[in-house]
Amino acid sequence: MEDCLAKKMEITVSEAEKRTGRNAMNIQETYTAYLIETRAVESQSEGQCAPVDSLWRRYSEFELLRNYLSVTYPHIVVPPLPEKRADFVWHKLSADNMDPDFVERRRIGLENFLLRVASHPVLCQDKMFYSFLTQESGWKEMVNETGFQLKADSRLKALNATFRVKNPDKRFTELKHYSDELQSVISHLLRVRARVADRLYGVYKVHGNYGRVFSEWSAIEKEMGDGLQSAGHHMDVYAASIDDILEEEEHYADQLKEYLFYAEALRAVCRKHELMQYDLEMAAQDLTSKKQQCEELATGTVRTFSLKGMTSKLFGQETPEQREAKIKALEEQIQEGEEQLKSKNLEGRDFVKSAWADIERFKEQKNHDLKEALISYAVMQISMCKKGIQVWTNAKECFSKM
């Protein structure tokens, strides 16, 4: 971790800007660009003021970076991006992806993504990531030239591997189930939070009705008027504070959403392992088949029914020379297959070792982050309750002075 990029460079996504331009289809579109600023840390420690480098990136470029990292480092739980469009929001907040409050939360999320990658012991060393931070023009072309898209596994292939692997690794199977359950639990938690926020909004706004009623009542009372007016003022202030409070709460929700999306990153690692295991099993099956064919040709016996065996019966046996040529070809294929199988076994063992080390790192990070997020959420709820108690304590004093 001492060599990670986050220790050497300050990285911020400092602002967002709404822009209009034309896309690849030459259709005019409105989008948001984000300003990434970087500054070397070393020169600051020497008492010098390091210059700030800055460049603009669109959300789609962040997506391209993450796709590249996911394909290039299949054994790593790649940090997720913040949501492109708002989800699990309470109904008074806008779900428009151009809404200023949502854009601001996404700006924070994109900065967090860059810091996550810059702090990762492996991802931080990637040249394309460094270029993303420092090279504005030509970056997309550089990434596409790596050919990472050709390495991306299709969904159909991944689904086929899921159902056809004969000997799945129990640890990855359990991890896949855990990621499904984690996503389900956090989704439910976010839905409950949104409902609580809706009800809390209603409770606060009802206090605004108290304020209006107390103010109207104060107008017809002489001795009680000042007390009622003061109590109404406290209610109005309390009612008006809910918008800022629930907007702040959305930031805690975003911390939970990050791990909602991390669940998919975990499943991606599991799918890659399934694909490798499936390829290994297919290679072993193909090698066994070739060895059996070679044995049958050498002994002249056919153990199982085959179209080739039936054809030879109908049209005559092969000559010794033809059989020898086929045996030789099969022996070469068997040797090549054994080398491939050995290579796939080594690749699989390396993948499991690297993946499990990164998964352990992720678990430690997850436990720390979710603990902090839930504590912060609890502290905020306690603070809101204390404000409510204070409002009614103040109202009580106002009534007592009447």
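The values are calculated or read from the model by the stated rules, or taken from the named source; none is laboratory data. Since we're looking at a predicted model, the values are computed, not measured. Heads up, the Cβs are rebuilt from the backbone with ideal geometry, glycines too, and the neighbour counts pull from every protein chain shown. What goes into the accessible areas is simple: the full protein's heavy atoms, side chains included, and nothing from ligands, DNA or RNA. Shrake-Rupley method; radii C 1.70, N 1.55, O 1.52, S 1.80 Å.
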Just how much of residue 119 is accessible, in Å², when a 1.4 Å probe is used and the result is rounded to the nearest 10?
40
Can you pull the accessible area of residue 101 for me, 1.4 Å probe, Å² to the nearest 10?
70
Under 5 Å, built H, 5+ apart or other chain: amide partners of residue 41
9, 10
Kindly write out, for segment 232-242 in residue order, the coupling ³J(HN,Hα) from the Karplus curve 6.51 cos²θ - 1.76 cosθ + 1.60 (θ = phi - 60°), rounded to whole Hz, with x marking Gly and Pro.
x, 5, 4, 5, 5, 4, 4, 5, 6, 6, 5
The Cα radius of gyration of segment 165-304, divided by 2.2 N^0.38 Å with N its residue count, comes to 2.30
Of 69, 288, 379, farthest towards positive along the dipole that unit charges on Lys, Arg, Asp, Glu beta carbons give the chain:
288
Taking the mean number of other Cβ atoms within 10 Å as a proxy for protection, how do you rank 212-221, 6-15 from highest to lowest?
6-15, 212-221
Hits in segment 139-159: amide N under 19 Å from the 7 Å Cα→Cβ extension of residue 282, namely 149-159
What length, rounded to one decimal in nm, is gained on full extension from residue 332 through to residue 401, with 0.36 nm per residue of separation minus their alpha-carbon distance?
14.7 nm
In debye to the nearest 20, the charge dipole size for the chain, taken about the Cα centre with +1 at each Lys and Arg Cβ and -1 at each Asp and Glu Cβ, equals 1260
Apportionment of accessible area to carbon and sulfur, the chain, percent (1.4 Å)
53
Which order do peptides 235-241, 195-201 fall in by mean Cβ count within 10 Å, highest first?
235-241, 195-201
Can you run phi through the Karplus equation (6.51, -1.76, 1.60; θ = phi - 60°) for segment 178-192 and list ³J(HN,Hα) in whole Hz, with x for Gly and Pro?
4, 5, 4, 5, 4, 5, 5, 5, 5, 4, 5, 4, 5, 5, 4
Over its alpha-carbon atoms, the chain yields an Rg and a Dmax in Å of 31.6, 122
Using θ = phi - 60° and the Karplus form 6.51 cos²θ - 1.76 cosθ + 1.60, what ³J(HN,Hα) does each residue of segment 265-272 get, whole Hz, x for Gly and Pro?
5, 5, 5, 4, 5, 5, 5, 5
How would you rank 57-68, 384-395, highest first, on the average number of other Cβ atoms within 10 Å across their residues?
57-68, 384-395
Unsatisfied cross-links (Cα-Cα over 31 Å) in the set 127/363; 127/166; 371/396; 272/371; 8/371; 7/157:
127/166; 371/396; 7/157
Per residue, accessible area of the chain with a 1.4 Å probe, heavy atoms of protein chains only, in Å², comes to 59
